[in-house]
Amino acid sequence: VDAVYASLVLMPLERVEIRSSFCRFAADVPDMERAEKIAEEAEREGEIDGRMWLKEVKRLLDEGIQKQYADIEIQYLFNQGCLCGVPNEAMCRIAIDIWKEAEAPLLFFNGYTNGCSSYLPTAEEYDKGGYEVLWSNLVYYPYHGRVMPLNRDTAGKMAAQVVEDWRKSRS
């Protein structure tokens, strides 16, 4: 910090604007065969007991629920740049993708903004599965309100929304 602090150039703010947008994202409820495989893997690899989670998956399927939804608020603080965030544990790769797509060096995306409603992986990490993507849901589903992570395309859709909102703010 000391090395960088001396090089900082303070500038007056031209404007400050706070805004948010809501996006609805889905999480597919797995069929029982897939759910049992996830629970077995979590038990074997992470010693995670998935019995209660399996009961919840079965209850949802018995009620005909095949998708669960989350309305995610993307919050923005605009000035010459933008700080924006979501209430998820968002992978830093999402922020890098947003920054590159928007071609905006002062656009910063982060997670844990007003809470944490689950892990948000990139599509590539989603495909790998594992603890954060799949197994953590066996523990935290009652708090997140979903038995599975938001679908594979969620991070990409969210990134596109942030870039679109950024571009609208510039016009």
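The values are calculated or read from the model by the stated rules, or taken from the named source; none is laboratory data. From a predicted model like this one, the values you see are computed outputs, not experimental measurements. As a convention, Cβ positions derive from the backbone with ideal geometry for all residues, glycine included, and neighbour counts pool all protein chains shown. These area figures cover heavy atoms from the full protein model, side chains too; ligands, DNA and RNA do not enter into them. Shrake-Rupley method; radii C 1.70, N 1.55, O 1.52, S 1.80 Å.
Among what's in the range 95-121 and is in contact with a helix residue (DSSP H, G or I) (Cβ under 8 Å, 6 or more places away or on another chain), among the aliphatic types (A, V, I, L, M) and in a helix (DSSP H, G or I), pick the residue that is nearest to His144 (Cα to Cα).
For the range 95-121, the residue satisfying everything is Ile98.
Which of the residues that make up the range 121-171 are acidic (Asp, Glu) and open to solvent by 30 Å² or more (accessible area, probe 1.4 Å)?
Glu124, Glu125, Asp127, Glu132, Asp153, Glu164 - these are the residues of the range 121-171 that are acidic (Asp, Glu) and open to solvent by 30 Å² or more (accessible area, probe 1.4 Å).
Hey, among the residues in the range 110-120 that are open to solvent by 20 Å² or more (accessible area, probe 1.4 Å) and among the polar types (S, T, N, Q), which one's nearest to Val162 (Cα to Cα)?
Per the criteria, the residue is Asn110.
What is the residue count in the range 77-91 for residues that are over 9 Å from Phe109 (Cβ atoms) and either within 11 Å of the chain's Cα centre (by Cα) or of a type in the set (D, E, K, R) (or both)?
Matching residues across the range 77-91 total 4.
Within the range 12-68, work out how many residues are within 30 Å of Gln80 (Cβ to Cβ), open to solvent by 100 Å² or more (accessible area, probe 1.4 Å) and either part of a helix (DSSP H, G or I) or of a type outside the set (A, V, I, L, M, F, W, C) (or both).
The qualifying residues number 2.
Of everything in the range 81-104 that's in contact with a Leu (Cβ under 7 Å, 6 or more places away or on another chain), open to solvent by 50 Å² or more (accessible area, probe 1.4 Å) and not aliphatic (A, V, I, L, M), which residue is nearest to Ser169 (Cα to Cα)?
Trp99
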